[in-house]
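Chemist: First, the structure itself, so that you have it in front of you.
The values are calculated or read from the model by the stated rules, or taken from the named source; none is laboratory data. Please read these numbers as outputs of a predicted model, since none were measured by experiment. Methodologically, a virtual Cβ is constructed for each residue, glycine included, from the backbone with ideal geometry; neighbour enumeration extends over all protein chains shown. Side chains included, ligands, DNA and RNA excluded: accessible areas come from the protein's heavy atoms. Shrake-Rupley method; radii C 1.70, N 1.55, O 1.52, S 1.80 Å.
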Amino acid sequence: MGVTMELAALFDLLPSPVAVVDGRGRVIRANQEAAALAGADPTGRRLLTFVHPDDRSHLLQAWRAAAGSVEPMRIDCRLLHHDRGYRWWRLTARRATTGDDARWVGSAVDVQPDVITREAANRRDALRLRMLDASADCIKLIDADGTLQEMNRAGCAALGLPLDEREFGMRWLNLLPAGVRGTGRRALSAARQGRPARFVGASQVGDQRKQYWDNLLTPL
């Protein structure tokens, strides 16, 4: 009895919501932080009742995968805070016992600020891509070794690639006509040394008329 009470007290000292859940997903013990998240002692309630409906299938899939693995379950999902609505939390759970009376011990860490920051960065990246795509110039982002990392719609059209192409990784010099690759190689070498470089190139898609381009490499 004394040991059980001591463990319960230690459980409540943990700074994050922690709960023990049975094999059916029902909470059988929760610390004070978990009760504060739920607004009341969640014992007896199913974990899924606190999970955003759009995240439940993802959580169940991760749970089933963890049940057949020695690795813990880790997943980001939205949990219902009793007075702040749904917030993003990182759940980590490990199976403590096996068999019909399986027990899982799980904890949650609030990652809402991280998610907001990441979503804002994604929106900025999407805006930058739209700005590049709005340009009539062929704009490319090339690594120092000459690997093509990104290209706008005008660049894709000039090379005969799908306009929504986002999987690059090819060598930029290989996209140039054979006759100007040497010039392109020298321009890339200059850019690697921090100097802008400029040369005339050309491209031709299928049987279309050859197009001539003024290529400017600007080191970032």
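Chemist: So which of 175, 141, 217 ends up being crowded, with 17+ Cβ neighbours inside 10 Å, out of contact with any Lys or Arg (no Cβ under 6 Å at 6 or more places or on another chain) and modelled with pLDDT of 85 or more? Before you say what the answer is, go through the steps one by one.
Modeler: Values: 175 fails: modelled with pLDDT of 85 or more; 141 fails: crowded, with 17+ Cβ neighbours inside 10 Å.
It is 217.
Chemist: Look through 147, 183 and report the one residue that is in contact with a strand residue (DSSP E or B) (Cβ under 6 Å, 6 or more places away or on another chain) and not aromatic (Phe, Trp, Tyr).
Modeler: Of the residues listed, the single one that is in contact with a strand residue (DSSP E or B) (Cβ under 6 Å, 6 or more places away or on another chain) and not aromatic (Phe, Trp, Tyr) is 183.
Chemist: So, one more: Can you name every residue in the stretch 190-202 that is out of contact with any Lys or Arg (no Cβ under 9 Å at 6 or more places or on another chain) and surrounded by fewer than 18 Cβ atoms within 10 Å (Cβ to Cβ)?
Modeler: 190, 192, 193, 194, 195, 196, 198, 200
Chemist: Could I ask something else about it? Scan 129, 148, 163 and give me the residue that is under 30 Å from residue 86 (Cβ atoms) and either outside any helix (DSSP H, G or I) or not β-branched (Val, Ile, Thr) (or both).
Modeler: 129
Chemist: Only residues in the stretch 156-175 that are without any contact (Cβ under 8 Å) to a residue 60 or more places away in the chain count as the first member; pair them with residues that are open to solvent by 60 Å² or more (accessible area, probe 1.4 Å) and among the hydrophobic types (A, V, I, L, M, F, W, C), Cβ under 6 angstrom, at least 6 apart or cross-chain, and list the lot.
Modeler: Matching pairs, first to second residue: 156/163.
Chemist: Please enumerate the residues belonging to the stretch 47-102 that are in a loop (DSSP other than H, G, I, E, B), closer than 15 Å to residue 27 by Cα and open to solvent by 60 Å² or more (accessible area, probe 1.4 Å).
Modeler: 101
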